[in-house]
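Below you'll find the structure, written out as structure tokens, and then a few comments.
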Amino acid sequence: MKNNAFTLVELLGVIVVLGIIAVITVPIVQRTILESTEDAYNEQIDSFEKAAKNYVASDIYNISARCLNKTCTVSLKILQEKGFLPSGEIINPKTDEPFDLESSVDITYDGDKFSYNYDAS
């Protein structure tokens, strides 16, 4: 009669191999998740700045006069109300909590070009 069971040594060998694979792959997966979260956050900030850019383009004469050689701000709430950002909560990918809609994008006009910076604090 033939025995089709695994020996204890074979089972331990499989467990060791699986452990080695886990030790190698878990940090790689964690780093990939962290990097993708950071990328998603940066893309969200870029979308805020692009929304502010579109906001300025919609009323360039008024805003350029108001922001000449100084920094003006526009809140995320205003960008939502004007339709430049989607309505509802905007979730921060890093914290999984909503962004504060009272936070703002700084708009600076030096007479030649506009610059945009989201104040993340």
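The values are calculated or read from the model by the stated rules, or taken from the named source; none is laboratory data. Everything numeric in this text was worked out from a predicted model, so none of it was measured. Neighbour counts are summed over all protein chains in view; Cβ atoms, including those assigned to glycine, are modelled from backbone coordinates with ideal geometry.
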Checklist entry - In the list Leu18, Leu11, which residue meets the criterion of being farther than 15 Å from Asn117 by Cβ, at pLDDT below 95 and either touching a Cys at 6+ places or on another chain (Cβ under 6 Å) or in a helix (DSSP H, G or I) (or both)? => result Leu11
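Using the structure shown, decide if Leu68 is touching a helix residue (DSSP H, G or I) at 6+ places or on another chain (Cβ under 8 Å), under 21 Å from Ser115 (Cα atoms), of a type outside the set (D, E, K, R) and touching a residue at least 24 places away in the same chain (Cβ under 8 Å).
no
What number of residues in the stretch 64-93 are in a helix (DSSP H, G or I) and surrounded by 19 or more Cβ atoms within 10 Å (Cβ to Cβ)?
2
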Next on the checklist: Please verify whether Gly111 is in a loop (DSSP other than H, G, I, E, B) and either touching a helix residue (DSSP H, G or I) at 6+ places or on another chain (Cβ under 9 Å) or polar (S, T, N, Q) (or both), treating the condition exactly as stated.
Outcome noted: yes
